[in-house]
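The values are calculated or read from the model by the stated rules, or taken from the named source; none is laboratory data. Worth saying up front: this structure is predicted, and the values here are computed from it rather than measured. Every residue, glycine as well, gets a Cβ built from its backbone with ideal geometry; the counts of neighbours run over all protein chains shown.
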Amino acid sequence: MQVEQITYGSLNRSRMKGYQIIGKSPGIDGTTASSFCKWAPSHNSLEVGSDQAAQDAWGLSFFPLSDYHYAIARSVHGGPEYSGRGGLAVVTAALVMNRKQLGAYEFHGVDIARTAIALGNLILKLDQDETLPPVTLTVRPLSMSQPKSDFTDSTKPLLPGHAVNWIARETVSLLRDNRKVMIVGKSDPLPILTLLLDQLTPRERAETSFACGLKPSSRRDFRVQFTQDIMSPKMQKELDRSGIAPIDIARVLVATT
């Protein structure tokens, strides 16, 4: 199956400087590219844990670009930010799929991402041309075991299995009550996302944009978000004001112990 791809990051091109489209495949038109730019993260938007190197930080997101097209995007740090703001530039690689292609994966964003990465896609590639080739995906997701921490299970899980299961079930319940959800605290998002998407129908998944590893932003209106920050009274007020239901991992661990 051939799907389109697009990349976004900070460039110093002669005709334009700053965050912009780095490259895209021929099937992505200007309207789709413009919609992608509204969702794509820019400078200082990746969460970096206190015990984590900036180069190891990553974000994963799934969001609609139109009624018919969606993006599954992975964001990482690239080279130094050229503009003088300091730190590392954020680079995002994404697959752009239509509803028919997503239907083959039953709209399961994590299955798409894991399959794409296993096939060598959604990774940072240097010196890309502005015109990219379409990406070849299998017509069905690859068979893989449930993730325990990250894409390669390279780190020890932060949460016990019963807490992961509880958070996934509670998130599904809130989504079905038409709530937006913020999962707050130290966690491995991938196992939680996998379980909650497993419990949703394909139609529900199509309506469930999500993001993990990205700092919350009012510019990006996801239905499910994660933050590694600890719940504070200020955050609670901000979430209440935004109509977002929080799941406080610290409380979950107490309640499920």
Six or more apart or on different chains, Cβ under 6 Å: which pairs go from a residue in segment 241-256 that's within 20 Å of residue 193 (Cβ to Cβ) to one that's part of a strand (DSSP E or B) and not charged (D, E, K, R)? Could you list them? 244/182; 245/181; 246/182; 246/184; 247/183; 248/184
Every listed condition ((1) free of Cβ contacts under 8 Å to residues at least 60 places away in the same chain; (2) crowded, with 16+ Cβ neighbours inside 10 Å) holds for residue 232 save (2)
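Restricting to segment 1-49, count the residues that are assigned to a loop (DSSP other than H, G, I, E, B), within 17 Å of residue 211 (Cβ to Cβ) and either at pLDDT 95 or above or not small (Gly, Ala, Ser) (or both).
Of the residues in that region, 5 qualify.
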Residue that is over 24 Å from residue 76 (Cα atoms) and either out of contact with any strand residue (DSSP E or B) (no Cβ under 8 Å at 6 or more places or on another chain) or among the hydrophobic types (A, V, I, L, M, F, W, C) (or both), where the choices are 198, 248, 188: 198
Index of the failed condition, residue 104 passing every other in (1) touching a helix residue (DSSP H, G or I) at 6+ places or on another chain (Cβ under 8 Å); (2) more than 26 Å from residue 22 (Cβ to Cβ); (3) touching a residue at least 60 places away in the same chain (Cβ under 8 Å): (1)
Residue pairs qualifying under the 6 Å Cβ cut-off, at least six apart or on distinct chains, with the first in segment 60-79 being within 12 Å of residue 125 (Cα to Cα) and the second being among the aromatic types (Phe, Trp, Tyr), are 76/58
Which members of segment 131-152 meet the condition of being hydroxyl-bearing (Ser, Thr, Tyr) and surrounded by 16 or more Cβ atoms within 10 Å (Cβ to Cβ)? 149
Mind listing just one residue for me: the one in segment 11-47 that is within 19 Å of the chain's Cα centre (by Cα) and of a type in the set (Ser, Thr, Tyr) and, of those, surrounded by the fewest Cβ atoms within 10 Å (Cβ to Cβ)? 34
Leading residue by the ranking (farthest from the chain's Cα centre (by Cα)) among those in segment 48-66 that are under 26 Å from residue 107 (Cα atoms) and buried (at least 17 other Cβ atoms within 10 Å of the Cβ): 65
